[in-house]
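Inspection log for the structure reproduced underneath, given as structure tokens.
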């Protein structure tokens, strides 16, 4: 199975170095010097890591096949992928994107909130992208306090969302002068 390791970002300097948007919890393992990575689209690669460095939590790499800034700029947006065995590093609370997409999103009482259509990587934590039944897209922080259960065998995720996150949530506004709820 192919897994996305990183997305190539902007060129850095004149000698072909690029910044990476890392999509793996194991960059030290996946981005070692000498590693050959397949690409999406396939015609951009394969690419071999010649050297790498980190600076302020960002990864920068130079590929053996890329020797100047122009060639590096042409790679912007290309995904670096590896062939891997899913059972290689099993973790109880780690999920691959392909395992989440298509799962039904339920609230703690079992009511349908929508379907998971994507996963967005953000600096603080990932976001589950949920398409609600009315077509609205909601981004849900993928943290244990909100996404309380992921059950691929039952084809669902349980989301204990704070009020107002989903469009079906109704806010009751109290009219203090009449004491009525609107």
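Just so you know, all these numbers are worked out from the coordinates, no wet-lab data involved. Keep in mind the model is a prediction, meaning the values are calculated, not measured. Here the Cβ is made from the backbone with ideal geometry for all residues, glycine too, and neighbour counts use every protein chain on show.
General observations
- Percent of Cα-Cα distances greater than 18 Å, calculated over the range 97-159: 25 percent
- Inter-label distance, nm, simple model (7 Å from Cα along the C-beta direction), residue 28/residue 165: 3.2 nm
- The stretch between residue 38 and residue 148, if pulled fully straight at 0.36 nm per residue, gains 36.1 nm over its current Cα-Cα span.
- Coordinate range along principal axes, alpha carbons of the range 2-83, Å, largest first: 31, 29, 21
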